[in-house]
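Below is one structure, written out as structure tokens; comments come after it.
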Amino acid sequence: MPARMKVTHQFVEFVPEQLQDGVLYVSVVYATVAHKCCCGCGYEVVTPLTPTDWKLLFDGETVSLEPSIGNWSFPCESHYWIRRNKVQWAGKWTRQQIQVGRERDAVQKRRYLQAAEQPGTAAKVAAPPKPSVPPSSFWRTLARRFRGR
Ligand SMILES: [Zn+2]
């Protein structure tokens, strides 16, 4: 099977059981992207979207995934980027590179979790902004009701 150079994307709630070749299924609700390996081997690649796994970039027309996808656990061991719906093939990694990459990933995850546990760092940044002013009509209604008594 020839290696794929392009993909299309589909925003879905649930990733379907049968994936089509060359389609990137993006579930924002479940923060997951799934597709069939671009080498054509038929293996399903699931890339979770988390601060320490993959990030999805959607520019309104195309999607990109960062970082690259290394299918070391498949027989094909293919390695590629998906950028703007294009597949950019990367060289195969040696065993040593794979090992180094895995260790780096583990260190990053540990750092992230440590930062998240400490108050005032990641947790503070992640807090959603609060609305500063309540809807004025609500307060006017309330004030009128109080004055009436
Ligand atoms: Zn493959």
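If only one of Gln97, Gln114 is free of Cβ contacts under 8 Å to residues at least 12 places away in the same chain and surrounded by 12 or more Cβ atoms within 10 Å (Cβ to Cβ), which one is it?
On inspection, the qualifying residue turns out to be Gln97.
Taking region 20-40 as the range and being within 13 Å of the ligand (Cβ to nearest atom) and surrounded by fewer than 16 Cβ atoms within 10 Å (Cβ to Cβ) as the test, the residues that pass are Asp21, Gly40.
I'm trying to understand the selection: among the residues of region 1-37, which are closer than 30 Å to Gln114 by Cα, touching a strand residue (DSSP E or B) at 6+ places or on another chain (Cβ under 6 Å) and assigned to a loop (DSSP other than H, G, I, E, B)?
Ala31
Of all the listed residues (Glu17, Glu77, Glu44), the sole one being away from the ligand (no atom under 16 Å from the Cβ), more than 12 Å from the chain's Cα centre (by Cα) and not hydrophobic (A, V, I, L, M, F, W, C) is Glu17.
Of everything in region 80-115 that is aromatic (Phe, Trp, Tyr) and closer than 16 Å to Val46 by Cα, the residue that is farthest from the ligand (Cβ to nearest atom) is Trp81. Taking (1) closer than 17 Å to Thr8 by Cβ; (2) in contact with a Phe, Trp or Tyr (Cβ under 6 Å, 6 or more places away or on another chain) in turn, Trp89 satisfies each apart from (1). Considering region 47-74, the residues that are of a type in the set (A, V, I, L, M) and crowded, with 16+ Cβ neighbours inside 10 Å include one that is nearest to the ligand (Cβ to nearest atom), namely Ile69. In region 38-62, the residues that are in a loop (DSSP other than H, G, I, E, B) form Cβ pairs under 7 Å with partners that are within 16 Å of the ligand (Cβ to nearest atom) and of a type in the set (S, T, N, Q), at six or more places apart or across chains, as follows: Cys38/Ser78; Cys39/Ser78; Tyr43/Asn71; Asp53/Thr47.
FYI, it's all coordinate maths here, none of it is from the lab. These figures come from a predicted structure and were not determined experimentally. A quick note on method: Cβ atoms are made from the backbone with ideal geometry, for glycine too, and the neighbour counts reach across all protein chains shown.
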